[in-house]
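K.L.:
If you scroll down you'll find the structure; I have some questions about it.
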Amino acid sequence: MKSPLLSLPGAVPAEGVDEGVAAHYGDLFREQRALADGSGYVDLSHRGVVTVTGEDRLSWLHLLLTQHVSDLPAGRATEALILSANGHIEHALYLVDDGRTVWAHVEPGTSGALVDYLESMKFFYRVEVADRTADTALVHLPAGSIAEVPDGVAVRETPYGRDLFLPRAELEAYAERSGPPAGILAYEALRVEQYRPRLGHETDHRTIPHELGWIDTAVHLQKGCYRGQETVARVQNLGKPPRRLVFLHLDGSEVHLPPAGTEIRLADDGPDGRKIGFLTTSVRHHELGPVALALVKRNVPVDARLMAGDTAAAQETVVQP
């Protein structure tokens, strides 16, 4: 989905998975500071939107998701995962129920596969699943924002701000009255600062929730019966995850940020040392400088000096070993 807001002054298109919205509007750090101060908005209209309606919607989703949603109060935001039979993360849903409809936004390009899976699991339940990406645009307002929320729009409110499920036809008009825009790079910089994982960035084909800290925010450990629950319970009660998420302060003297996928090694092992992990997201932060998230082996000492490719990195613990 290509956003009409790419026609705004200074808009530079994003690339890769975030293609379709603006990477920035000419001043990355100004945009970050605006979001941190609670002003402006972020165009996330490239993200997928899926809805579930029907009187069984919450009890049915409760059987499929890692989160406890059977009695989710209207207006309360939550997040949830869909796992494979082996407990690996397949989908991440950021959802809210407005009393009649469950609204969820998901990673760009994943709504079709998610809807296909949900449709295959309907059986006799009274639910209707719809891919609403074509007619619904996601807009993010930062925490503290006083921007208006149009009547009738589903809102997902979290400590990090509000996600608005806006009719796509109203996106341009809403942008005109909502303050300065901020690009996806500003949004990503704050996401990394907040240690928040993102599907397809901090995950690969074998990631389990414990490795990323999602066990605390997207998994309910007392609910039963969902696909992949056996792995979640076994690791939680008997074992330890093989990897853990870390936050990295990168050497600020480097001109270029190491890209996602850059191998992580122990600094004391030299350039030929063994790989102990990989960088997942790197950003330039308006206060912290170059920072990143990475996955490393669980047993890497929390005080070990690391190298992300040729760039020195100091780690902060996100997931305890």
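The values are calculated or read from the model by the stated rules, or taken from the named source; none is laboratory data. Just so it is clear, the structure is predicted and the values come from calculations on it, not from any experiment. Backbone-built Cβ (ideal geometry, glycine too); neighbour counts: all protein chains shown. All accessible areas refer to the heavy atoms of the entire protein, side chains included, with ligands and DNA or RNA removed. Shrake-Rupley method; radii C 1.70, N 1.55, O 1.52, S 1.80 Å.
K.L.:
Find, to one decimal place in angstroms, the Kirkwood hydrodynamic radius of the chain, where the mean of 1/r is taken over every pair of different Cα atoms and then inverted. Numbers along the way, then the final one.
P.N.:
Working: mean 1/r = 0.0486 Å⁻¹.
Value: 20.6 Å, from the Cα pair sum.
K.L.:
Which percent of the accessible area of the chain is formed by carbon and sulfur heavy atoms (probe 1.4 angstrom)?
P.N.:
Details: 7260 of 14380 Å².
Roughly 51 percent, rounded to a whole number.
K.L.:
Additional query: With point charges of +1 on the Cβ of Lys and Arg and -1 on the Cβ of Asp and Glu, referenced to the Cα centre of the chain, which listed residue (Ala92, Ile208, Val106) lies farthest in the positive direction of the dipole?
P.N.:
It is Ile208, whose Cα lies furthest towards the positive end.
K.L.:
What nm value, rounded to one decimal, do you get for the distance between Arg206 and Asp56 when each label is placed 7 Å out toward the C-beta?
P.N.:
Using points 7 Å along Cα→Cβ, the separation is 3.8 nm.
K.L.:
While we're looking at this one, here's another question. I need the peptides 143-154, 195-206 ranked by packing, meaning the mean over residues of other C-beta atoms within 10 angstrom, with the highest value on top.
P.N.:
Working: 143-154: 13.4, 195-206: 17.8.
Highest mean packing first, the order is 195-206, 143-154.
K.L.:
Further, regarding this structure: Give, to the nearest whole percent, the P(r) tail of the stretch 202-321 beyond 21 angstrom, counting all Cα pairs.
P.N.:
Details: 2884 of 7140 pairs.
Percent of Cα pairs beyond 21 Å in the stretch 202-321: 40.
K.L.:
Here's a follow-up. Students often check this: by mean Cβ neighbours within 10 Å, which of 250-259, 80-89 ranks highest, and how do the rest follow? Walk me through the numbers before you get to the answer.
P.N.:
Working: 250-259: 14.0, 80-89: 19.6.
Put in order of decreasing packing, that is 80-89, 250-259.
K.L.:
How much length, in nm to one decimal, is gained on full extension between Arg234 and Asn299, taken as 0.36 nm per residue of separation minus their Cα-Cα distance? Don't skip to the answer; put the middle values down first.
P.N.:
On the way: separation 65, 0.36 × 65 = 23.40 nm, distance 1.89 nm.
Extending this stretch completely gives an extra 21.5 nm.
K.L.:
OK, next. Once Lys and Arg get +1 and Asp and Glu get -1 on their Cβ, which of Gly75, Ala34, Leu295 lies farthest toward the positive end of the dipole of the chain?
P.N.:
Going by the charge dipole, the pick is Leu295.
K.L.:
Shifting gears a bit: Relative contact order for the chain: what is it in percent, counting Cα pairs under 8 Å that are at least 6 residues apart?
P.N.:
Numbers: 716 pairs, mean separation 59.9, N = 321.
Relative contact order, the chain: 19 percent.
K.L.:
Towards the positive end of the charge dipole of the stretch 90-229, with charges on Cβ (+1 Lys, Arg; -1 Asp, Glu), say which of Leu190, Leu118, Gly144 has the farthest Cα.
P.N.:
Working it through, the farthest residue towards the positive pole turns out to be Leu118.
K.L.:
Ranked by accessible surface with a 1.4 Å probe, highest first, in what order do Asp135, Asp310 come? Spell out each step's value before the answer.
P.N.:
Numbers: Asp135 75, Asp310 135 Å².
I get Asp310, Asp135, largest accessible area first.
K.L.:
Also, quick follow-up: Please compute, for the alpha-carbon atoms of the stretch 115-179, the extent along each of the three principal axes and give them in descending order in Å.
P.N.:
Principal extents (largest minus smallest coordinate, Cα): 45, 28, 18 Å.
K.L.:
Averaged across orientations, what area in nm² does the convex hull of the alpha carbons in the stretch 1-133 project?
P.N.:
Numbers: hull surface 38.0 nm².
That works out to 9.5 nm².
K.L.:
Another question, if that's okay. Quote the charge dipole size of the stretch 167-321 about the Cα centre in Debye, to the nearest 20; the model charges only the Cβ of Lys and Arg (+1) and of Asp and Glu (-1).
P.N.:
Values: 19 positive and 20 negative charges, 159 e Å.
The dipole of the stretch 167-321 has a size of about 760 debye.
K.L.:
Let me ask you something else. How big is the charge dipole of the chain about its Cα centre, in debye rounded to the nearest 20, if each Lys and Arg gets +1 on its Cβ and each Asp and Glu gets -1 on its Cβ? Please report the intermediate quantities before stating the final value.
P.N.:
Working: 31 positive and 44 negative charges, 181 e Å.
The calculated dipole for the chain is roughly 860 debye.
K.L.:
To make sure I understand the rule: partners must be aspartates and glutamates, Cα under 16 Å from the Cα of Lys223, and not fewer than 8 residues away in the same chain. Which ones qualify?
P.N.:
Once the sequence-local aspartates and glutamates are set aside, what remains near Lys223 is Asp71, Glu79.
K.L.:
Right, something else. Below 8 Å between Cα atoms, with a sequence gap of 6+, how large is the relative contact order for the stretch 70-112 in percent?
P.N.:
Values: 59 pairs, mean separation 14.3, N = 43.
After rounding, I find 33 percent.
K.L.:
For the chain, with every protein chain kept in place, what is the accessible area per residue (1.4 Å probe, Å²)?
P.N.:
Values: 14380 Å² over 321 residues.
It amounts to 45 Å² per residue over the chain.
K.L.:
Then there's this: Evaluate Rg over Rh across the stretch 217-280, taking Cα atoms for both radii and Kirkwood's formula for Rh.
P.N.:
Values: Rg = 17.4 Å, Rh = 15.3 Å.
Answer for the stretch 217-280: 1.14.
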